[in-house]
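I have placed the structure first, in the form of structure tokens, so that the comments after it can refer back to it.
The values are calculated or read from the model by the stated rules, or taken from the named source; none is laboratory data. Computed from a predicted model, the values in this text were never measured in an experiment. Virtual Cβ from ideal backbone geometry, glycine too; neighbours counted across all protein chains shown. The protein model used for the area step is the full one, side chains on, heavy atoms only, and it has no ligands, DNA or RNA in it. Shrake-Rupley method; radii C 1.70, N 1.55, O 1.52, S 1.80 Å.
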Amino acid sequence: DENTADVIVMGRRGKRGLMKRMIGDATSRVVGTARCSVLVVPEGADMWHKRILLATDGSRFSDAAAVAAAKIAEKCQIPVTVISTIRESFTEERAAQADEAATRVHDHLVGRGLDVDKAVLRGDPDKLILEMAATREADLIVMGTHGRTGWQRVVVGSVAESVIGTSPLPVLAVKL
């Protein structure tokens, strides 16, 4: 805050077993409380140069992530895959909203002259994001985060935290 940083970059060490699903307490607090975006880089990760995987859920946080991903893609001249997920519990209306969100973001990025594809998949969001990143050979994941902390994060859960904790790739958690 003092330096009005645009992004905080943090490293993440590898973990084993159940601990692999969680990020460290310090990282979790920074992602949850920082007023700027946080780039979490796992041990051994390289600079991205192949593809960005952009996860969207149609929220204003995801829209902010789309803007960040577009800027990175333009500067690095790399393609973007937009993914939206549909949980098994979603109604058809909510599923249609997920598809609309992916299409809206896809069309916006295409309008900026970027090389973009999209996928709308059904299942667990964190697993699908990681699987699609591997399938499309992405080397950066960008997603919005609500920045929940403490009890609210425990009760509600966090797809971003799960992805950050298990991804072998850098993850940019974009804040508003």
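Taking a ≥ b ≥ c as the square roots of the eigenvalues of the Cα gyration tensor, the stretch 21-98 is oblate, since a/c reaches 1.5 or more and a/b is not larger than b/c.
Taking θ as phi - 60° and the Karplus parameters 6.51, -1.76 and 1.60, the scalar couplings of the stretch 66-75 work out to 5, 5, 5, 4, 4, 5, 5, 4, 5, 5 Hz in sequence order, x denoting glycine and proline. Histogrammed with a bin width of 10 Å, the alpha carbon distances of the chain distribute as 10, 40, 38, 11, 0 percent, first bin at zero. Couplings 3J(HN,Hα) for the stretch 37-51, derived from phi with the Karplus relation 6.51 cos²θ - 1.76 cosθ + 1.60 (θ = phi - 60°), are 5, 10, 9, 9, 10, x, 3, x, 6, 9, 5, 6, 7, 9, 6 Hz, where x marks Gly and Pro.
For H49, H146, the ranking by accessible surface with the largest value first comes to H49, H146, using a 1.4 Å probe.
Could you report the chain's accessible area per residue, 1.4 Å probe, as an integer in Å²? Before the final figure, lay out each step's value.
Working: 9600 Å² over 176 residues.
Per residue, the chain has an accessible area of 55 Å².
Antiparallel beta bridges, as assigned by DSSP with both residues in the chain, represent about 10 percent of the total such bridges.
Would you work out the charge dipole size for the chain about its Cα centre, treating the Cβ of every Lys and Arg as +1 and the Cβ of every Asp and Glu as -1, and quote it to the nearest 20 debye? If you can, show how the numbers build up before the last one.
Values: 24 positive and 23 negative charges, 102 e Å.
In debye, rounded to 20, the chain gives about 480.
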